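First comes the structure, then the notes that go with it.
The values are calculated or read from the model by the stated rules, or taken from the named source; none is laboratory data. As the structure is a computational prediction, the values presented were derived from the model and not from experiment. Glycine gets a Cβ as well: all are built from the backbone with ideal geometry, and neighbour counts include every protein chain shown. The accessibility values were calculated without ligands, DNA or RNA, using every heavy atom of the protein model including side chains. Shrake-Rupley method; radii C 1.70, N 1.55, O 1.52, S 1.80 Å.
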Amino acid sequence: MDLEIYNMTFLDLNLIKDNLIKDFDDFWTYDILNDELNNPNSEYFVAKLENNILGFAGIWKSVDDVHITDIVVKKTNRNSGVGSKLLEKLISTAISENFKAITLEVNENNLPAINLYLKYGFKNVGLRKKYYDNKYNAIIMTKDL
Ligand SMILES: CC(C)(COP(=O)(O)OP(=O)(O)OC[C@H]1O[C@@H](n2cnc3c(N)ncnc32)[C@H](O)[C@@H]1OP(=O)(O)O)[C@@H](O)C(=O)NCCC(=O)NCCS
């Protein structure tokens with residue numbers, strides 16, 4: 001697959017904005033992503049195949065730790081390696097900027113995402129109770145870099 005990962009631009013966001021919720025996920029709205037692109041501590045990437053955006057992912061950088069805010073692959077293109085490529089880019093970005101660890105929260109029911117992170121060496125380090133919708137627990141996962 002000739003998939004390429006680039007830094008997300010406002011143009012990319014405008015390309016996907018009308019179909020964000022239908023094609024990708026119900027959490028990442030235009031306004032949130034727009035704020036993230038304006039945030040100097042955040043960095044977002046898109047996965048593109050022949051000019052089609054198949055996924056995006058972001059990190060938020062704190063003093064000594066990088067936090068993955070999300071990885072989302074277009075519903076029609078899941079399970080074909082796009083999420084892996086995006087996660088590899090987040091990890092290599094954090095390593096190249098000398099961060100020592102990369103962390104995230106994931107819904108304990110989100111098996112595809114948990115498996116993806118386990119595959120890349122993330123370890124389960126804790127739980128945030130009722131983190132999602134005041135109902136579902138979040139697993140905290142970390143990878144030392
Ligand atoms: C999680 C997500 C990003 C994975 O992206 P993807 O492109 O489908 O993942 P990949 O094809 O690269 O798969 C990598 C690994 O993830 C795991 N995985 C992916 N889909 C899976 C599924 N349906 N069931 C179980 N494990 C799965 C597997 O370990 C897989 O490795 P394998 O192919 O060697 O078995 C995608 O399912 C998604 O966008 N989900 C909705 C948004 C979301 O929940 N994001 C995570 C928020 S923390």
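Since only Ile68, Leu116, Ile102 are under comparison, the one whose Cα sits farthest along the positive direction of the charge dipole of region 51-145, derived from C-beta charges on Lys, Arg, Asp and Glu, is Leu116. About the centre of its Cα atoms, region 4-144 shows a dipole size close to 520 debye [charges on the beta carbon of Lys, Arg (+1) and Asp, Glu (-1) only; nearest 20 debye]. Semi-axes of the equivalent ellipsoid for region 4-144, computed as √(5λ) from the eigenvalues of its C-alpha gyration tensor and ordered from largest down, come to 22, 18, 15 Å. Farthest toward the positive end of the dipole of region 1-75, out of Phe10, Leu37, Leu54, is the Cα of Leu54, where the dipole comes from beta carbon charges about the Cα centre. Each listed q (0.14, 0.23, 0.28 Å⁻¹) maps to a log10 I(q)/I(0) for region 19-83 from the Debye sum over equal C-alpha point scatterers, namely -0.42, -1.02, -1.28. When you filter the trypsin sites (Lys or Arg not before Pro) in region 76-105 for DSSP loop state and at most 15 other Cβ atoms inside 10 Å of their Cβ, you are left with Arg78, Lys100. Surface analysis of region 37-145 yields an accessible area of 55 Å² per residue, using protein heavy atoms and a 1.4 Å probe. Of all DSSP bridge pairs formed entirely within the chain, close to 95 percent run antiparallel.
Taking only protein heavy atoms and a 1.4 Å probe, the accessible area of the chain is 48% carbon and sulfur. Separation of region 6-80 and region 87-114, taken as the distance between their Cα centroids, equals 14 angstrom.
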